[in-house]
1. Out of the residues in the stretch B:222-256 that are out of contact with any Lys or Arg (no Cβ under 6 Å at 6 or more places or on another chain) and within 23 Å of B:SER324 (Cβ to Cβ), which is surrounded by the most Cβ atoms within 10 Å (Cβ to Cβ)?
2. Looking only at the stretch B:729-742, how many residues end up being farther than 15 Å from B:GLN158 by Cβ and touching a strand residue (DSSP E or B) at 6+ places or on another chain (Cβ under 9 Å)?
3. Within the stretch B:217-258, can you find the residues that are under 19 Å from the mean Cα position of the chain (by Cα), among the hydrophobic types (A, V, I, L, M, F, W, C) and either closer than 23 Å to B:ILE161 by Cβ or within 13 Å of chain A (Cβ to nearest Cβ) (or both)?
4. Using the structure shown, decide if B:PHE335 is within 26 Å of the chain's Cα centre (by Cα), in a loop (DSSP other than H, G, I, E, B) and farther than 24 Å from B:ASN147 by Cα.
5. Name the one entry in B:VAL196, B:VAL213 that is buried (at least 24 other Cβ atoms within 10 Å of the Cβ) and either touching a Pro at 6+ places or on another chain (Cβ under 6 Å) or in the same structural domain as B:ASN497 (by TED's automatic domain parsing) (or both).
6. Is it fair to say A:ILE62 is within 22 Å of A:GLU12 (Cα to Cα), in contact (Cβ under 8 Å) with a residue 60 or more places away in the chain and within 12 Å of another protein chain (Cβ to nearest Cβ)?
7. Report the residue count in the stretch B:427-464 for those that are of a type in the set (Ser, Thr, Tyr) and under 23 Å from the mean Cα position of the chain (by Cα).
8. Cβ-Cβ under 9 Å, sequence separation 6+ or interchain: first residue in the stretch A:89-112 and facing chain B (nearest Cβ under 7 Å) and at positive phi, partner among the acidic types (Asp, Glu) and in a loop (DSSP other than H, G, I, E, B). Which pairs?
Amino acid sequence: MVDSISFILNNEQVSTHVYPSTTLLNFIRKDKKLTGTKLVCREGDCGACTVLAGELVNDKVIYKTVTSCIYPMGKAAGKHIVTIEGLNKQELTVPQHEFVEEGATQCGFCTPGFIISLTWYLITHKNYSVDDAINGLGGNICRCTGYASIIRAVEKTVNKLKDPVCTQGVQVKNLIELNILPQYFSSIHAGLKSLNMKTAYSSKSNGENILVGGGTDLYVQKYRTVTSYRINLIDSKSLNYIKVEKKDIILGASVTFEQFKQSEILKKYLPRLENQMNLIASLPIRNSATIAGNIVNASPIADLTIILLALDATLVLTDSSNERIIKLKNFYKGYKLLDKLENEFIKEVRFPVPSSNFNFNFEKVSKRMYLDIASVNTAIFLDVENGNVASAKISAGGVAPIPLFLEKTSKYLQDKALSIETLGSALEIAQSEISPISDVRGSAEYKRLLLNQLIKAHFISLFPQEINIGELV
Amino acid sequence: MKNTDTMKHVRGESLFIDDFTLPEGTLHAVIFDSPVANGKIKLLDIENAKAGKGIIDILTFKDIPGQNQIGNIIQDETLLAEKELHYIGEPIAIIIAESVDAGEKAKHLIQIDIEELPAITDVRDAFEKGSLITDPVTFSMGNVEKNWDLYDVVVEGQVDIGGQEHLYLETQGAIAIPAEGNEVKIISSTQGPTVVQRAAAKVLGLPMHKIEVDVLRLGGAFGGKEDQATPWAVMSALACLKLNRPVKLLLDRSDDLRMTGKRHPYSADYKIGLSKEGKIAAYEATFYQNAGAVADLSTAILERTLFHATNSYFIPNIKVTGISCKTNLPPNTAFRGFGGPQGMFVIESAIFKASEKLKIPATEIQKMNLIKDGDQFYYGQNAENSNAIKCFNMAIEKYNFDKLKENVVRFNKQNKLFKKGIALMPVCFGISFTSSFLNQAGALVHVYTDGSISVSTAAIEMGQGVNQKIKTVVAKTFSVDISRIKIETTNTTRIANTSATAASTGADLNGNAAIIASKNILERLQKFAAKELGKEYPNLIEIKNETVFYDGNETTLKWEELIWKVYFNRICLSSQAYYATPDIYFNRSKNKGHPFAYHVYGTAVVISKVDILRGIYEIESVKVIHDFGKSIDTKVDLGQAEGGIVQGIGWLTVEELVQNSEGKLLSNSLSTYKIPDIYSAPKNIEIHFLEDSTNNYGPLKSKAIGEPPFMYGIGAYFSIISAMKNFKPGLDIKITAPITPERVLMNLYEPIKTTAPTKQTH
């Protein structure tokens, strides 16, 4: 018998014995016959299966959007899962009403996902803005409307609710009154509290099982394998922290991309990062994907890994009894080959607190700017003093079998004057370090050229005074 | 006006194939398909797989009681492969299982030995090897053989255009339910219920009346379910009748992407002759169409390429030839525009290249050559009510084109890292199926005794709002509240011999049929009301907002009472009606005639911004004047225009189909095939309705809307390459679409010289 998974699904408390590796979408659609949530891509790339996942954090119910097609049931334990059916009332809610008014739905297949995402924005923000609300829809794809009518519906929704929500606040009671949420939401807080008293699903360490972080790549690559296995989930509670200790910033293994993006600590030390993180995945994926998962998945174009490489990150590996520390740049031995024993897992990731003179930049180019996998990505971390590079770390993805730390280029830049000449030589050295291949994300020639351009882009973005653009393009 | 179908969409209550409650004992079908693009089956052993857990049966071509043939125009397509394999994804066997999972597992237990043969994927390669679907077709007018040396400027070139995945969000699927007496009901996600019915009858060896096809709605189609919903529906019916159990077949996304055809990639050669002022004197083009492994609708699609080869322009001397080439790819098929976009893209490319040589802006050449009343299209039809010039001029005035252009020039002066480009895109698109016989439709209207109205037509609702339009025209005909009207599923038992909902004609054909049926009933109502009210002239009876008027004077008789009384007096409250588009014909031995009821016109102004350093871009704005006729529903029409534009932009920018040389699709998922998202869609889409347009062929004087706006997306391509040229003025760009960020960057810069060997792998 598999452990029981207990959670609240819309207005119903649910306990089930399905495998924790089963996807939440399968459970919703097949077991519960709630067919409003749609399956389209099974890789978190379209948002048609988006649902809300709410959990108690500091005695408050905090909702996030997740893509249920690649969300393991085990992770639903102890949460409030809301599908489109769980938002329906007798009359249409405000976002539903405005979608109808503006013709923001044509074939209707993507629509429930859009309504969920917009509702998420409305219930988690106090000061509405149209742009932010649209950002909340970044993970939702529509093939019919061209988005113009959807944007109009968002504008109307936001404008209608902006002032009342701002003055009244986002307490559930107000959201119900303002016709954003149905009545039963008022009992969810208590429901989750009583649920958490009982045992929801908890992971036990067992070497034979697959360890899953967010599952956002594992479920895409190995759907049938993963769903027929038993899985363990990275401990999302005890390994979930971002802190500063001595001279290091420390990230627990289960820190999600979105937590990383929103962290006050990271905002303080790496202020540009929050914005650049928008180039990575989509909000629902960032809500699930974990730092450790990204690193251990060893994709050669892993965005966050590329950033961490430039931040000179170190990994703390453990087999539950012993710990071992290894530089992230030494972790990769070849394509998807890691310096990691079978029973070891990543416990935390550390990197040095940036000095006061640091300069950091991340560049990524993909076919589509958002929610796409990079053709090439690169990050740079430079300490510059009086026009000289005191230290340099530069990384690049999509140009080698592994997420690549550009060792020689980094070394070369050290102690050099910041100039076009230095950059020119660095570009040449970088080319000698890479070995891109042609694939669906671009030809090898393109990836070489693109890395060249993106390294230039680092310098133009960071040193617009020192680097003459005219000489570079 | 509220589109009532959408009320269900926003609540997640609309049902699609995967949402229907299945009858007890429903089985699931999984397809075993060809792993090679070209080969011969040496051995196929299904016995091991048949013994697999949860497997009920596995069907091959040997299990087909009728003909193993589903070709629509040309009979060249088997339902299940026999000896030869023609593309990766070609269905070989149908695994029938208790669950999809069991079926998937059994796939790996089927043993197949194949003699693999070299695959052709490139269209020019196919042409050189003589691999053709059928003979080339030529349309011509005037004389293009001679006189080339008389023109001031002659430009020749090659254009390569990529295909496009439909990416309807709902994958292909069907549910077949057995009925008594070896009959079957198929619930299908198809644009063409009769196409499915006819193919199923043929394969099953049954008369068509034993097969009922029912369609509620589709989760997007865009042409991809006109002909290619058929195999899956027929397979489910085949399994259903063999096993006498309901069978559901729903393609997984990866199966759908691998097995189904897409918009046709084309390669074309053109030659254009102009005066030094920019007047086009002659145009010659040869279109090589990559049809894939079988004909599907390719020949009709190619013909439409030839119909739209000069877009909105009048060119006195013209010769265009289309060659449909057979390759080892899945059969390419209908997709919004149906070959028209490729034809228009090539003439716009020719104009772009001519403008470089003439040193005249492309917009000047476009303007100078627009078709006007009195001109004749080269296929024999006279231009009537041509709005080409009106739309073009209105776009220039309304959007202040000169100012927009000035702004672009100023921006480019001030910015080194970003360059903008601007382009105009006129569109002229013919409405009617070019196979004239398809331009017919039926409707069945019932008025129930409570005054509610049921309407059945051949139209399929796939998001384009045709149900809303039909509802509107019926409500207006009766002058009753729209809430009284329900549009029924599309069903071959209620409406026979339907034409697919395609070619933008859904609302025209079916709306007109529904109006006729409604008027038939209305006449009976008028006649009865006159008698009831003791009036002499039934034609002076009018219903206005559910109240009966006589000679302009309100009476006390209301809709519900009227209907009840009509019923009580034994007068028929139902009507079946038929509509066929008048005045159309086409002679295929001469390739002349009057193939279109009318044309739709419009012009778009497109501005793009290219990031010169990174090779990425955004489409900033698309501003359109479009000829909607008298719109039945402006919100529906606006949505069609906006959606079409963004889909058109996707086709020519980021949507890139990548195959390796063995014919394997590499862009085989949503993570590798990218369609526009909310950020990459233009920030600003402005659409203005052309004023004072009317149309005698459309219901309530409306014009068809589905396809024409798609082609405004072509403007995005030319605005991007203009921006690139604004960075590198001498740049001689090879016209290849889509213009991906890779193509932008590789065009702008020399490749990096490297001594390191470059490995090629796929």
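The values are calculated or read from the model by the stated rules, or taken from the named source; none is laboratory data. This is a predicted model, so every value here is computed, not measured. When we count neighbours, we look across all protein chains shown, and the Cβ atoms used for this are built from the backbone with ideal geometry, even at glycine.
1. B:LYS225
2. Residues flagged as farther than 15 Å from B:GLN158 by Cβ and touching a strand residue (DSSP E or B) at 6+ places or on another chain (Cβ under 9 Å) within the stretch B:729-742 amount to 5.
3. Filtering the stretch B:217-258 for residues under 19 Å from the mean Cα position of the chain (by Cα) gives B:217-231, B:256-257.
Pick out the ones that are also among the hydrophobic types (A, V, I, L, M, F, W, C) and you get B:218, B:221-222, B:229, B:257.
The answer is B:LEU218, B:ALA221, B:PHE222, B:LEU257.
4. Working: within 26 Å of the chain's Cα centre (by Cα): yes; in a loop (DSSP other than H, G, I, E, B): yes; farther than 24 Å from B:ASN147 by Cα: yes.
When the stated conditions are applied, B:PHE335 passes them.
5. Details: B:VAL196 fails: either touching a Pro at 6+ places or on another chain (Cβ under 6 Å) or in the same structural domain as B:ASN497 (by TED's automatic domain parsing) (or both).
Unique residue meeting the criteria: B:VAL213.
6. Details: within 22 Å of A:GLU12 (Cα to Cα): yes; in contact (Cβ under 8 Å) with a residue 60 or more places away in the chain: yes; within 12 Å of another protein chain (Cβ to nearest Cβ): no.
No, not satisfied.
7. Initial filter on the stretch B:427-464 (of a type in the set (Ser, Thr, Tyr)): B:432, B:434-436, B:448-449, B:452, B:454, B:456-457.
Still in the running and under 23 Å from the mean Cα position of the chain (by Cα): B:432, B:434-436, B:456-457.
Number satisfying all stated conditions: 6.
8. Filtered contacts from the stretch A:89-112: A:GLY103/B:ASP633.
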